[in-house]
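Let me begin by presenting the structure, written as structure tokens, before commenting on it.
Just so it is clear, none of the values below were taken in a lab; they were calculated from the coordinates. It should be emphasised that the depicted structure is a prediction, and the values quoted were computed from it without experimental measurement. Cβ atoms come from the backbone with ideal geometry, glycine included; neighbour counts cover every protein chain shown.
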Amino acid sequence: MAGKTFYTSDIAVALKYDGKNAPKVTAKGEGVSAEKILELAEKHGIPLQNEPELARILAQVPLGDEIPQELYIAVAEIISFAYFLSGKVPDNLEDTSIN
């Protein structure tokens, strides 16, 4: 299961991705709430991404809702990069190497 937190200097939005469904907004906040979200993400090793425009857009998604389809590619690219940096692969990814 992957998580990702997007933030600006004043907004933070946390997403949860189970590898099967679209990512969901699991936390969002401004000011002190945003700082707490960032602290928790860092404490639990959840990757942080400073993407101000994307954070502002994601902050408009209701808490608990899946991200809109229009954001799939932008969020997927960032989640895949987080997997790459951590050396992980999604659980449902089949071995596609050529032998």
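Magnitude of the Cβ-charge dipole of segment 2-86, K/R +1 and D/E -1, about the Cα centre, nearest 20 debye?
It works out to roughly 260 debye.
With the cut-off at 15 Å, report for segment 2-86 the share of all Cα pairs above it, as a whole percent.
For segment 2-86, the fraction of Cα-Cα distances above 15 Å is 51 percent.
Counting only DSSP beta bridges with both residues in segment 2-86, what percent are antiparallel, rounded to the nearest 5?
80 percent
Please go through the residue pairs 16/88; 4/36; 36/88; 4/88 and name each one whose alpha carbons sit more than 18 Å apart in this structure.
As for pairs spanning more than 18 Å Cα to Cα, those are 36/88.
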